[in-house]
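Trainee: Input: one structure, supplied below.
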Amino acid sequence: MSNTSKKIAVFPGSFDPITLGHVDIINRALPLFDTIIIAIGSNAAKNHMWSLEQRKATIESLFENNDAIKVATYQGLTASFCKNQGAQFILRGLRNSTDFEYEQTIAQANDKVNGIDSVFIISSPEYGFISSSIVRDIARNGGDYSKLVP
Ligand code: ADP
């Protein structure tokens, strides 16, 4: 298969930290794409709990045996990063209608402005309540979040 016909998706996020919800979306998207690039956005305006290096190393070690998965960091627009990588798709997870409302306008803008389609996978019921921000809250208060992360 030539490179141009390869189906490449970017899965963008903060992954602060990566959770079982993210892993579920990635595993279920694998049959759809030749390559999934897990792209950790570095946003200086956001206050992170885990450093970019820590987040990248954790994700790399999780998927080190899977050649279809790559891990990268990026700054700026997700759509620009996609073009840069030759990716035709953005992968996102949907937990509820709040996620949907937020994603809808971004996806429509990315399609119109950049010609990049978004592909959504609805979270599995057992992971739909998990968010990185809940994990951070638990971590900040010294709780046990081990059941929420890989
Ligand atoms: P962002 O800061 O861009 O929201 P996140 O790291 O929080 O980044 O999330 C990245 C993607 O993973 C988003 O599409 C988000 O909706 C999805 N996601 C996060 N948690 C879950 C979950 N528990 N189940 C399914 N999708 C999820």
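The values are calculated or read from the model by the stated rules, or taken from the named source; none is laboratory data. Quick caveat, the model's predicted, so the values are computed rather than measured. Because the Cβ atoms are built from the backbone with ideal geometry, glycine has one as well, and the counts that use them run over all protein chains shown. For the accessible areas, the whole protein counts, side chains as well, though only heavy atoms, and no ligand, DNA or RNA atoms are used. Shrake-Rupley method; radii C 1.70, N 1.55, O 1.52, S 1.80 Å.
Trainee: With respect to residue 47, is the statement that it is open to solvent by 70 Å² or more (accessible area, probe 1.4 Å), part of a helix (DSSP H, G or I) and closer than 21 Å to residue 149 by Cα true?
Mentor: no
Trainee: If I go through region 9-44 residue by residue, how many of them are closer than 20 Å to residue 75 by Cβ, part of a loop (DSSP other than H, G, I, E, B) and touching a residue at least 24 places away in the same chain (Cβ under 8 Å)?
Mentor: 7
Trainee: Now a separate question. Would you mind stating whether residue 72 is of a type in the set (Gly, Ala, Ser), assigned to a strand (DSSP E or B), surrounded by 14 or more Cβ atoms within 10 Å (Cβ to Cβ) and away from the ligand (no atom under 11 Å from the Cβ)?
Mentor: yes
Trainee: Just checking, does region 64-84 include any residue being at pLDDT below 95, of a type in the set (D, E, K, R) and out of contact with any Gly (no Cβ under 9 Å at 6 or more places or on another chain)?
Mentor: no
Trainee: Among the residues of region 18-67, which ones are within 12 Å of the ligand (Cβ to nearest atom), within 22 Å of residue 137 (Cα to Cα) and either under 11 Å from the mean Cα position of the chain (by Cα) or of a type in the set (D, E, K, R) (or both)?
Mentor: The answer is 18, 19, 21, 22, 23, 24, 40, 41, 46, 55, 59.
Trainee: Next question, about the same structure. Could you tell me which residue of region 109-128 is surrounded by the most Cβ atoms within 10 Å (Cβ to Cβ), considering only residues that are within 7 Å of the ligand (Cβ to nearest atom) and assigned to a loop (DSSP other than H, G, I, E, B)?
Mentor: 123
Trainee: Of everything in region 89-108 that's in contact (Cβ under 8 Å) with a residue 24 or more places away in the chain and either open to solvent by 80 Å² or more (accessible area, probe 1.4 Å) or assigned to a loop (DSSP other than H, G, I, E, B) (or both), which residue is farthest from residue 27 (Cα to Cα)?
Mentor: Among those that are in contact (Cβ under 8 Å) with a residue 24 or more places away in the chain and either open to solvent by 80 Å² or more (accessible area, probe 1.4 Å) or assigned to a loop (DSSP other than H, G, I, E, B) (or both), it is 96.
Trainee: Okay, next question. Checking residue 79 against (1) surrounded by 18 or more Cβ atoms within 10 Å (Cβ to Cβ); (2) touching a Cys at 6+ places or on another chain (Cβ under 9 Å): exactly one of these is not met. Which one?
Mentor: Evaluating residue 79 over (1) surrounded by 18 or more Cβ atoms within 10 Å (Cβ to Cβ); (2) touching a Cys at 6+ places or on another chain (Cβ under 9 Å) leaves (2) as the failure.
Trainee: Read through the list (1) away from the ligand (no atom under 12 Å from the Cβ); (2) without any contact (Cβ under 8 Å) to a residue 60 or more places away in the chain; (3) small (Gly, Ala, Ser), then give the number of the only condition that residue 139 fails.
Mentor: Answer for residue 139: the failing condition is (2).
Trainee: Just the residues that are among the aliphatic types (A, V, I, L, M) and either touching a Phe, Trp or Tyr at 6+ places or on another chain (Cβ under 7 Å) or farther than 18 Å from residue 15 by Cβ (or both), please, taken from region 103-150.
Mentor: Scanning region 103-150 gives 107, 109, 113, 116, 119, 122, 135, 138, 139.
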